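Asker: Handing you this structure, nothing more for now.
The values are calculated or read from the model by the stated rules, or taken from the named source; none is laboratory data. A quick note: this is a predicted structure, and the numbers were derived from the prediction, not measured. Quick reminder, even Gly has a Cβ in these numbers, built from the backbone with ideal geometry, and neighbours come from all protein chains shown.
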Amino acid sequence: MVRKTISDNNEIKKGLYLVSTPIGNLNDVTLRAINILKNSDYILCEDTRTSKILLDNFEIKSKLISNHKFNEKKNLSKILELLKNKSIISLISDAGTPGISDPGTIIVKKCVEQKIDIFPIPGPSSVVSAVSISGFSDKFFFYGFLPEKKKILENDLNSLSKMDTSIVFFVSPKKIKRFAPYLKKNFSGRKIVICREMTKYYEEFIRFKIDEIDTINLDLKGELTVVISEKESQKKVLSILDESDKRVINKMINKLSVKEIVDLISRDKKISKKEIYNYCIKIKNEK
């Protein structure tokens, strides 16, 4: 059976659309995003000058409303009124998905409270793109932009360092050198990849060990997404059975299989399975 991926009903519902836009290359935009933007009564833009580059490229003529972190609260009542009057409004940021370390959360919360329909239009994501090429664990925690204040920065990085997942955050190229000592202090032993200008012409992925950060040229330009690897395994395995373990094995050798003994002992103690297995075979051969 072939499942249809596009509805036969092309009518666009009234409400707020969170439209993901390219993180670099304009061709990253989806066909659905273009369609929604073209059919919007209004488009809320983080920076109208930046957004017009994208909109002009795809001949999108919808009315623009400037909506950034300094005026989004002021805009709120006007936008809610337009939505209640059954307008189709799209919200976009300069790049990526709005509301993720970008303006958008305030209007979304109000729409939820007032039961106004909200629709996500998925697309390019610098976070997911960075994790996908990192080679690190696909279990990850996204932090957002690192904080400016030293105390908050130190406390947050210390908390993040205890998580056994990949860690993703944004950082300005002007601040990466200042943050470097804090990264080394909290994530020693881990690996890092700095993703610069993803999907653009000068796209670059800089990979190294955190402990080498002092030797890396961090005079970088462009948007940076940083991924830190999960913790390296710290499990220490003992290579020698002690006498008490040997006595336990001797008592079980005629009652359990070698595999059962190996599983039982290795589960309770940090002893290599090979060491336990070899001792079991030695006893069996002596009997």
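Asker: Which residue is nearest to Phe170 (Cα to Cα), if the candidates are limited to region 79-117 and must be assigned to a loop (DSSP other than H, G, I, E, B) and among the basic types (Lys, Arg)?
Answerer: Filtering first and then ranking leaves Lys115.
So that you can scan it fast, the table gives a plain yes or no per residue for (1) at pLDDT below 90; (2) within 27 Å of Arg49 (Cα to Cα); (3) charged (D, E, K, R):
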residue: Lys78; (1), (2), (3): no, yes, yes
residue: Lys84; (1), (2), (3): no, no, yes
residue: Ser93; (1), (2), (3): no, yes, no
residue: Gln114; (1), (2), (3): no, no, no
residue: Ile118; (1), (2), (3): no, yes, no
residue: Ile121; (1), (2), (3): no, yes, no
residue: Ser126; (1), (2), (3): no, yes, no
residue: Ser134; (1), (2), (3): no, no, no
residue: Asp138; (1), (2), (3): no, no, yes
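Asker: Another question, then. Could you check region 186-212 and list, in sequence order, the residues that are among the aliphatic types (A, V, I, L, M), in contact (Cβ under 8 Å) with a residue 24 or more places away in the chain and farther than 22 Å from Thr21 by Cα?
Answerer: Correct list: Ile192, Val193, Ile210.
Asker: Another question about this same structure. Test Thr48 against the criterion of being under 28 Å from Tyr201 (Cα atoms), among the hydroxyl-bearing types (Ser, Thr, Tyr) and surrounded by fewer than 16 Cβ atoms within 10 Å (Cβ to Cβ), and give yes or no.
Answerer: yes
Asker: Among what's in region 16-35 and is touching a residue at least 60 places away in the same chain (Cβ under 8 Å) and surrounded by fewer than 16 Cβ atoms within 10 Å (Cβ to Cβ), pick the residue that is nearest to the chain's Cα centre (by Cα).
Answerer: Among those residues, the one meeting the criterion is Asn25.
Asker: Are there strands (runs of 3 or more DSSP E) fully within region 123-234 with at least 2 residues that are among the aliphatic types (A, V, I, L, M) and under 14 Å from the mean Cα position of the chain (by Cα)? List them.
Answerer: Working: elements: 140-145, 166-171, 191-196, 204-209, 224-228.
Counting at least 2 such residues, we get 166-171, 191-196, 224-228.
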